[in-house]
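Read through the structure below, which is laid out as structure tokens, and then see the notes.
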Amino acid sequence: MKIKLTFLFVLLFLSSLVGYSQKAEGLAQTPPMGWNSWNTFSVDISEDVVTGVVDKMIELGLKDAGYTYIVIDDGWMLRERDANGNLVPDPEKFPNGMKHLADYIHAKGFKFGIYNCAGSYTCGGYPGGRGHEYQDARLYASWGVDFLKYDWCSHGNLTSDAAYTTMRDALAATGRPILFSICEWGDTDPWNWAEEIGHMWRISGDIYPCFDCEDRHDDGLPTQWSAWGVTKILDMRDNELLRQHAKRGAWNDYDMLEVGNGMTQGEDRAHFVMWSMLSSPLMLGNDVRKVKKETLELLKNKEIIAVNQDTLGLQAFQLQTKIDLKKVIQPANDSLDVWVKQLAGGKCAVAFLNRSKTVINASVQMPTVKDNSAIVFDASNVYNVRNAIDHKDLGKAKKGKISISVPGHDILLYVFEPNQKKKK
């Protein structure tokens, strides 16, 4: 009997270890949506700012549009841990503490997210999680954290997959389902190893609010870094490789949205549509308390969001990787990208991205397109075409023929749905 009990205890212990080696299941079945403080507020974040954002998101209908997570980024804590090694929220910024704020956020129907770093210090110079993973995870769980963004500054000699695995196991040990956002900047190809560790992983360095630029940060330091414009991030990695790893519960993260932070309306539109086509998480990065009407309308556009949140969970591909665009677009134009995303119900979304500053007018004849042996678009079919940005039906497309006019630094998003004849 004693041997049997010992064997049972060993099995229970081993099974618990197996449980700790898994990320929280059932989360991020579609790309996560929410708001993050960093792009607008950097480390100057506070309880008043967060509660003001929460209330405004409800008032503006952003919560109803699907933006669920409220994530506090770097700068929320004191510069030193306490005598017991615990992280301490800055009492001037968060006088009522994080549990109080989490309760407020939850009571409003949102989920609560927080930030730290796998290294010894965060990117803002605050205490990182290295060596404190289990202690920090317990603290986050006690506050009611639902989302952890984990950065990669001051990582020293850490191995990325091992470091993030440690934090994943620490989160799992709390028993609380916490979405794990890996912010390792794509340095060690996380798409190859992060699927079993986190629910989303950054594929680039920080984004910058411009259409096509590089914002260098030399700062006189040995380590130089850059923030990147929208198209720079689009072109940074091999999309054909990345998209093979995107699926329900595991997403390539092209970084937080810069919509409303200084680009033109067309550039904002191109940014938002492309992030939706790429099945990237949609994390607002603007000050929603001061949002412009046209920006709000874009961020709440249900038809664009539906492309991002499509239940198939597939990432778009560039048509030119499969077919010579000179056979599709007349007149041919090297500044025009064509992106295609397979949607549920036999639909497909097609985005026409104009990288130039001048309008592009063209005739398009979509060919039959296959992806991984599946037909995404059948040129022999008749499709109902809808402009998802303007919410307009454009009629029927036979043999894939349509005409387009795309302003400079802008985009069109058409959704093609097979035309089903009514049965008599």
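In this calculation the C-beta distance from residue 99 to residue 212 is compared with R0 = 41 Å, giving a FRET efficiency of 0.40. One Cα centroid belongs to segment 143-191, the other to segment 310-358; the line between them spans 33 Å. Carbon-plus-sulfur accessible fraction, the chain (probe radius 1.4 Å, protein heavy atoms only): 51%. Taking amide hydrogens as placed 1.01 Å from N in the peptide plane, the amide H of residue 394 sits under 5 Å from those of 385, 386, 387, each at least 5 positions away in sequence or on another chain.
Cross-link check: pairs 232/399; 23/300; 23/341; 300/347; 292/399; 326/392 evaluated at a Cα-Cα cut-off of 32 Å; pairs beyond the cut-off: 232/399; 292/399.
Across segment 152-157, rounded Karplus estimates of 3J(HN,Hα) from the backbone phi angles (6.51 cos²θ - 1.76 cosθ + 1.60, θ = phi - 60°) give 9, 6, 6, 7, x, 9 Hz, Gly and Pro being marked x.
Compute the projected area of the convex hull of the Cα atoms of the chain, averaged over all viewing directions, and report it in nm² to one decimal place. Can you show the working numbers first?
On the way: hull surface 106.2 nm².
Mean projected area for the chain: 26.6 nm², to one decimal.
Amide H to amide H, which residues 5 or more places from residue 189 or on other chains are under 5 Å from it, using H placed in the peptide plane? Distant-sequence amide H within range of residue 189: zero hits.
Counting only C-alpha contacts under 8 Å and six or more residues apart, can you give the relative contact order of the chain as a whole percent?
Values: 898 pairs, mean separation 54.4, N = 424.
With pairs under 8 Å counted, the relative contact order is 13 percent.
Restricting to the chain, what percent of DSSP beta bridges are antiparallel, rounded to 5? List each step's numbers first, then the result.
Working: 45 of 70 bridges.
Given both bridge residues lie in the chain, the antiparallel proportion sits at roughly 65 percent.
The tail of the calculated P(r) for segment 187-298 beyond 18 Å holds 52 percent of all Cα-Cα pairs. Computed as a quarter of the hull surface, the mean projected area of the alpha carbon convex hull for segment 52-105 stands at 4.5 nm².
For segment 86-103, putting each phi into the Karplus relation 6.51 cos²θ - 1.76 cosθ + 1.60 with θ = phi - 60° gives couplings of 8, 5, 10, x, 4, x, 6, 7, 10, x, 9, x, 6, 5, 4, 5, 4, 4 Hz, in residue order, rounded to whole numbers and with x for Gly and Pro.
Could you give the accessible area per residue of the chain, probe 1.4 Å, as a whole number in Å²? Write down the numbers at each step before the final one.
Details: 18810 Å² over 424 residues.
For the chain, the solvent-accessible area averages 44 Å² per residue.
Computed from backbone phi, the HN-Hα couplings of segment 336-348 come to 9, 9, 10, 10, 10, 10, 6, 10, 5, x, x, 7, 8 Hz, rounded to whole numbers (Karplus: 6.51 cos²θ - 1.76 cosθ + 1.60, θ = phi - 60°; Gly and Pro given as x). Once you reduce segment 25-39 and segment 47-120 to the center of their Cα atoms, the two points are 14 Å from each other.
A cut-off of 5 Å between modelled amide H atoms, ignoring neighbours fewer than 5 places along the same chain, links residue 90 with 77, 78. Counted residue by residue at 0.36 nm each, then reduced by the alpha carbon distance between them, the extension gain from residue 25 to residue 247 reaches 78.6 nm.
The values are calculated or read from the model by the stated rules, or taken from the named source; none is laboratory data. It should be emphasised that the depicted structure is a prediction, and the values quoted were computed from it without experimental measurement. Neighbour counts run over all protein chains shown; Cβ positions are idealised from the backbone, glycine included. What goes into the accessible areas is simple: the full protein's heavy atoms, side chains included, and nothing from ligands, DNA or RNA. Shrake-Rupley method; radii C 1.70, N 1.55, O 1.52, S 1.80 Å.
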